[in-house]
Amino acid sequence: MILNVVNKNKLPFKNVLMDSWYATQRLMALIDNMRKIYYCPLKVNRARR
């Protein structure tokens, strides 16, 4: 969905707000590579130790 917003819809944005359900390493890396700032709570099983 985020790739459609960026590539197809050309919606300008700087920040992404998402629920902890979507807070995966793969998605956060994708958002980071797009040079966007993301905000989301992390579940205990998602945090690195």
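Please treat every number below as a calculation from the coordinates, not as lab data. Because the structure is a prediction, the values reported are computed rather than measured. Positions of Cβ are backbone-derived with ideal geometry, glycine not excepted, and every protein chain shown enters the neighbour counts.
Some notes on this structure:
- Reduced Cα scattering model of the chain, Debye log10 I(q)/I(0), q = 0.15, 0.28, 0.32 Å⁻¹: -0.41, -1.16, -1.35
- Sparse-neighbourhood loop sites, chymotrypsin sites (Phe, Trp or Tyr not before Pro) in the stretch 1-44 - DSSP loop, at most 16 other Cβ within 10 angstrom: 13
- Total formal charge among the other residues, if their Cβ is under 15 angstrom from that of residue 2, Lys/Arg +1 and Asp/Glu -1: +4
- Here the chain is treated with +1 on each Lys and Arg Cβ and -1 on each Asp and Glu Cβ, and its dipole about the Cα centre works out to around 120 debye.
- Put in order of Cβ neighbour count within 10 Å, fewest first, the listed residues 1, 28 become 1, 28.
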